[in-house]
Structures are given as structure tokens and as C-alpha cells.
Amino acid sequence: MTQEALADDAGLLYQDERDYAAIERALQWRHHRFARWVAIVVAALSVSLALFHLFTAVFGTPESRSFRATHLTVMFVLSIILNPVGRSRWQDAPVGAAGWAGFAFDLFLVGLGIAIQAYTIYDVTEFSSREGDLITSDLWMGSAMILIVLEATRRAVGIPMVLITAFFIAHSLYSDHFFGFLYGPPTSFEKYIDVVFLRSEGIFGIPISVAATYIVLFIIFGAILIRTGAGRMFIDLAIALTGHRVGGPAKASVVASAFLGTVSGSAVANVVTTGSFTIPLMKRLGYRAKFAGAVEACASSGGQITPPIMGAAAFIIAEFLHVGYFEVVVAAALPTFLYFATLYFMVDIEADKDGIERIERSRLPRALDVLRKGWHQLLTLVVLVALMGIGYSPMMAAFWAIMSLIALSFVRSETRLSPVDLLAALESGIRSAMPVTIACACAGIIIGSIFVSGLGLKFTNQVIQLSGGNLFALLVLTGVAAIILGMGMTTTAVYITVAALIVPSLVQLKVVPMAAHMFAFYFGVVSTITPPVALASFAAAAISGSRPMETAVESARIGVAKYLVPFVFVYSPALLFEGPMWNTVLTTLLALTGLWGLSATLEGWYRGRLAGSTRVVLGLCSLAALVPVRTVVLGAIPGYVLAVVGVAGIAGFMMLRGRALAKEAS
């Protein structure tokens, strides 16, 4: 930038060379002042909203429309401030005509969002009474609301979700211009605004209700827990438990990410938190760079399926199914265990294959010492689960877990939360919840569009016809659709979309509702490690120094359980604690056996390199062991026969391998 331009931006008259330093100082001071005031606004809004939600958790929420609109409006304002137009960072002051034009546009959007909020809650009873009989101002405000939600989504979530939402909007309004099963009578603009804006089937429907009621409190809980240093404690405990074993650092990555995943629903956040420590350590001990990155990506993406928090979508599952959130947590327990157990198998076999040495115990922290210092941090998770288990609502459970966390932080000086720490954690929690809320609002538009156009029923019938009524084919189609959607949408939005479009068809084919929703949830999560858009893998590759796409492919191989386990619990809901306990135990053991055999097959190693033919046979036996015992394969083969053959084949392989090695040793 020229000196004249600097002077013009600083509002000063450029005179000569000697004034240049003064002009630059004036400009820097202006930028610093701007950043300070914007930071104050962001902090004030975030902390105020966090305190508002803590207050409503105890004393109850106000009228539902007002409560949801207040939550969404503040989140919308934050999304505009934190993702400005015309500036690379939200802290930067506007520069030049383009910068000031973008700033003015941001202010206009903020003012419009607040105006819509005031319009809807000024007389919320009278506003709600106009459902089905809109006035002109409702149409204008509803249109503006849809546009600003799309703009906030573009900034906070990404353009792919905007494009997908725009498709559903266009289909609702102009379905007579589509073809095939998409063809139908168009929806009038007035009816569309009525459903999406005024009624509870659209923007202010289930997704935003769950975001405002449950999700934000659990994210605040996680932010405060991390602020107490729990992240470091989880890593230390994982290293203490597994570091002395073969491939210890990689196993520590798996365990640490499982711990951290209990409070963090973000795969990428988990990668940068635990991966910055575990990935370099794995590489120093001899793991390949892409394997180290893939292990961390898979372990971190598991956080979204790890109870008790499981990311945002778990709350929406409970809402859709009309069950307690604790039921969803219980159902997720065994699939999560199988997923992390498979990662552990992969790491163990890879360590043996590459000759990775153990870390001496003397160089590792002691588990008892770590627990002695951090037991109170783990206790807060116990409090959270226990409160939900005895029947507390998720709001009350989250509130009292937060209160116990703050109180227990004073047990040790290292974890003690100062007022500044607490306020910073509240701000961090709200900022982390902002993209989730915006995605839920946008997903509400999708749901409203599907509802008003009747596309959901058409899509369900079409998918069933396409699959020929075959459940396996329908599951494959559902999984592929969820992975594709996950390339451009958040996990929550993917789950909501699939739940609205395809899950009813699964239920129609007699799939247990919990299994159907969990299937959609799992395949919404798996996109974080599935090429070509695998964000968790790409983040891990940046730390490991490996090629992003190679790391993504490796992640898909290592995380194979996330692709297979959902099929198992659909065909055998016993894995979700549906039915007698003996069936649950049997299904779990068979799945664990099959996943171990599959891990050895994919690694091509078990106490030595495996021949190609051996890998084929072992792989087939492993898949057979995964077949639920009560199913019938190809219309003739009972599942229990395949299970017996599979387990016998794996056991026989291990025995023959052991004898061969014994002969070589003698």
C-alpha cells in the first residue's frame, strides 16, 4: 500500500516522508482499537448467551418461539461478526472502499436479524395466531429470515450446505418444473413461508430446539472441562496406561482421543489437540507418517460417537425417537467400544509388523499419579452420566455437571478456574456451538421444504423401489448418500437430512427405529475420514507431514469398523441392548472376533507376513463371524452357521500360525 493510501485510510493528510511513521502508528492504533471493541462485543454476546442458557436450565425456558429465536439471533450475530465480508480476519479494521462496504453490509445483516427477532417476539401470541393466514409483513420477514440463515450458513458452515438447501427450496416452490419422482404440484410462496418461518416444522423446529435446549449446555460443559486442563490429563492417563506396550504412543492416541471425545464433538478439534503430541511421538518410534496421521484421524473422529456427549446429533436422535437421551447413550456404548477396539487391533498389529519398540516405564507418567491429580476432572463425567441415568433431564444434568465441575476445579491449584478462566470458557463454548446452531437452522429449512413438498414420502418409496425391497441394498444406498452429503455438511445436518429422507424407508423394512437412526448418524460421521473430502485426515496429515489423500485412504482402511459395525447393529439390534442380554453378549463377542480377524487381514500380518491366499480366507472367515446369528444370508444360509464357520476359521488360523512359528523356532 502506498503512503498516500495509508494516509487516506488513516484519515490524515500525507505531507512528506517524515510523516509516514506517524501515519503508520495512527493506522495501527486504529486497527488495535477496532479489534478491542469487536472482541468486547463478541465476548459480551457469548458470555451473556451462556449465562442465559444456564439460567433457563434451572428456572425453565420462556415461551418456546421466543427462546429459540433469542438463541438463534445471538448466534446469527456472532456468525456475521466472526466471519466478516471484505476482511481476512474478524479482528482487522476495514481498509479501503471494499472493506468499509463489507463492514456496512455486515452491520445491515446484524440489524436485519435483530429486527426480525423483535418482529416475532413483540407479540408472540398474536404472531403465532397468524399461522395459515399470513400478512404481507410476514412474507417479507420470512423471506429475509431464510436469506440471512443461508448467508450465515455460507460463512459459518460452508457453501455446499447452502447449495443443498437451495435445491430443496427450489424444489418446493417449483416442483412442477422437475421430472421423475421429483415432479409434483408446486407449493405457493405464502404456504412455504408459513411452514418454514411461522410454524415449528421449519427454521424453528426440532433441530434449533435441540441446539438451544441441550447442545449448547453440553458444549459449554466440554469447554469448561478442557479449560481446567482435562485435555492434558486425558493424554497423560492414556500414555500411562498404554505407553509401555508395543506401539504405545499409537495406542495412547486411540485411548486419549476416546477420553477427549467424551467432551468434544469435533473430529478436527480432537486431531489438533491430541495429535500435536501423539503424531510426532508415533513418528519418532518408527510409525510411517501416513499411518500416524491416519490413526489420530480415526481415533479423533470416534469422539463424535463416544458417549456421553457424542456430538450434537445424539440429542436430535433422542428428540426424533421421543426417548430419553440416556437411552441413546446406552445404545451407542457397544458400537463405540467395537470401533476403538478395532483401532487398537490395527495399531498393535502394525507395531509388531514394523518392529516398533516399547517405551520404558521409567519414561512414562504413572497412572496412579495422573489419577491422583485429575480424579476430580473424571468425576464430573461420572456426575453427568449418573444424573441422566437417574432421570434428570439433559438440561438439568448438564447444569449440575457444570456446577460440580466449577466447584471441583478448586480441589487443585493447577485446575482452579479463575473468573477470567470461567468467562473465557463460556465464550469458547458459545463460539464452538455457533456453527452447530447455524447448521441446525439451515437443516430446519431442509426439513420444512421436505415437509411442505411431500418429497420425504416420495423419496422413501423411490429408494425402496430402487433397492428392490432388499434391506442390504437400501443400507448401502443410505450409507453412500450420507457420506456424499457429509462432504459438504456437518454431521448434524447430514443426520437430519438422512433421517428425514431415508430413515423412514429403513423403518418401513422393519429395522428397529433406534438402529435406523444410529445407522444414519454413523455414516454421517464417517465422512471425516472418507476420501475425497476427509477433514480429520487432512488435519492429521498437516501435523504428520504426509500427503493428505494418502492419509485419507489409510484412515478409511484403519477405520473399517465405522463402515461395518452399523450393518451389524441394524441386522442384530442386540448390539444396541435391544433384546435379551445373552444375545447382546454373544453378538459383541462375535463382532469383536470378526473385527480382529479383519484387522489382521487388512494389515497382512499376524506374527509374520501373511500370504495372499491366507489373507483371502481369513478375510472371508472374519466377515462370516460378523454376520448376526439370527439372519439368513442369500435366502438359504443361516447366520449362526456362518458365525460358527467364521469363528472356527479364525481360531484354526491362529492355531496353525502358532504351530508354524513354533516349528521355525525349534
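The values are calculated or read from the model by the stated rules, or taken from the named source; none is laboratory data. The structure presented is a predicted model; accordingly, all values stated were derived computationally and were not measured. Cβ atoms come from the backbone with ideal geometry, glycine included; neighbour counts cover every protein chain shown. Remember, those area values only see protein heavy atoms, side chains included, never the ligands or the DNA or RNA. Shrake-Rupley method; radii C 1.70, N 1.55, O 1.52, S 1.80 Å.
Is it the case, given these coordinates, that residue 271 is in a helix (DSSP H, G or I), within 17 Å of the chain's Cα centre (by Cα) and modelled with pLDDT of 75 or more?
yes
Filter the stretch 142-159 down to residues that are in a helix (DSSP H, G or I) and surrounded by fewer than 17 Cβ atoms within 10 Å (Cβ to Cβ) and give me whichever is modelled with the lowest pLDDT.
The residue in question is 159.
Would a scan of the stretch 498-514 turn up a residue that is in contact with an Asp or Glu (Cβ under 8 Å, 6 or more places away or on another chain), at pLDDT 90 or above and of a type outside the set (Ser, Thr, Tyr)?
Scanning the stretch 498-514, I find at least one residue that is in contact with an Asp or Glu (Cβ under 8 Å, 6 or more places away or on another chain), at pLDDT 90 or above and of a type outside the set (Ser, Thr, Tyr), so the answer is yes.
Could you list all residues from the stretch 588-612 that are open to solvent by 10 Å² or more (accessible area, probe 1.4 Å) and not in a loop (DSSP other than H, G, I, E, B)?
588, 589, 590, 592, 593, 596, 598, 601, 602, 605, 609, 612
Of these, 467, 413, 432, which one is out of contact with any Phe, Trp or Tyr (no Cβ under 9 Å at 6 or more places or on another chain), at pLDDT below 90, of a type in the set (Ser, Thr, Tyr) and closer than 29 Å to residue 81 by Cβ?
Result: 432 is the single residue among 467, 413, 432 that is out of contact with any Phe, Trp or Tyr (no Cβ under 9 Å at 6 or more places or on another chain), at pLDDT below 90, of a type in the set (Ser, Thr, Tyr) and closer than 29 Å to residue 81 by Cβ.
Filter the stretch 532-544 for residues that are in contact with a Lys or Arg (Cβ under 8 Å, 6 or more places away or on another chain) and either within 22 Å of residue 522 (Cα to Cα) or not hydrophobic (A, V, I, L, M, F, W, C) (or both) and give the result.
544, the sole residue that qualifies.
Would a scan of the stretch 446-457 turn up a residue that is surrounded by fewer than 22 Cβ atoms within 10 Å (Cβ to Cβ) and outside any helix (DSSP H, G or I)?
Within the stretch 446-457, one or more residues are surrounded by fewer than 22 Cβ atoms within 10 Å (Cβ to Cβ) and outside any helix (DSSP H, G or I).
State which residue is nearest to residue 607 (Cα to Cα) when the search covers only the stretch 629-666 and only residues that are open to solvent by 50 Å² or more (accessible area, probe 1.4 Å) and not in a helix (DSSP H, G or I).
Looking at the filtered set, the residue picked out is 666.
Just to be sure I understand, how many residues within the stretch 167-225 are more than 30 Å from residue 325 (Cβ to Cβ), outside any helix (DSSP H, G or I) and open to solvent by 60 Å² or more (accessible area, probe 1.4 Å)?
Residues that pass the stated criteria total 6.
Which condition from (1) free of Cβ contacts under 8 Å to residues at least 24 places away in the same chain; (2) within 30 Å of residue 148 (Cβ to Cβ) is the one that residue 459 breaks?
Looking at each condition in turn, residue 459 falls short on (1).
Based on this model, can you work out whether residue 544 counts as open to solvent by less than 20 Å² (accessible area, probe 1.4 Å) and at pLDDT 85 or above?
So residue 544 fits the description; yes.
Sort through 387, 422, 368 and tell me the only one that's assigned to a helix (DSSP H, G or I), in contact with a helix residue (DSSP H, G or I) (Cβ under 6 Å, 6 or more places away or on another chain) and either open to solvent by 50 Å² or more (accessible area, probe 1.4 Å) or in contact (Cβ under 8 Å) with a residue 12 or more places away in the chain (or both).
Going through 387, 422, 368 in turn, the sole match is 387.
Looking at 530, 551, 478, which one is open to solvent by less than 50 Å² (accessible area, probe 1.4 Å) and within 18 Å of the chain's Cα centre (by Cα)?
After applying the criteria, what remains is 530.
Just a yes or no: is a residue in the stretch 355-362 surrounded by fewer than 21 Cβ atoms within 10 Å (Cβ to Cβ) and in a helix (DSSP H, G or I)?
yes
For (1) within 29 Å of residue 195 (Cα to Cα); (2) among the hydroxyl-bearing types (Ser, Thr, Tyr); (3) not in a helix (DSSP H, G or I), each residue gets a yes or a no:
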| residue | (1), (2), (3) |
| --- | --- |
| 79 | yes, yes, no |
| 84 | no, no, yes |
| 101 | no, no, no |
| 104 | no, no, no |
| 108 | yes, no, no |
| 112 | yes, no, no |
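If a residue counts only when it is farther than 25 Å from residue 436 by Cβ, which helices (runs of 4 or more DSSP H) contained entirely in the stretch 486-585 have at least 1 such residues?
Here the list reads 503-508, 535-544, 548-558, 560-571.
Out of 108, 178, 167, I need the residue that is without any contact (Cβ under 8 Å) to a residue 12 or more places away in the chain and closer than 18 Å to residue 447 by Cβ. Which one?
Being without any contact (Cβ under 8 Å) to a residue 12 or more places away in the chain and closer than 18 Å to residue 447 by Cβ holds for just one of 108, 178, 167, which is 167.
Does at least one position in the stretch 633-653 carry a residue that is in contact with a helix residue (DSSP H, G or I) (Cβ under 7 Å, 6 or more places away or on another chain) and among the aromatic types (Phe, Trp, Tyr)?
For the stretch 633-653, residues in contact with a helix residue (DSSP H, G or I) (Cβ under 7 Å, 6 or more places away or on another chain) and among the aromatic types (Phe, Trp, Tyr): present.
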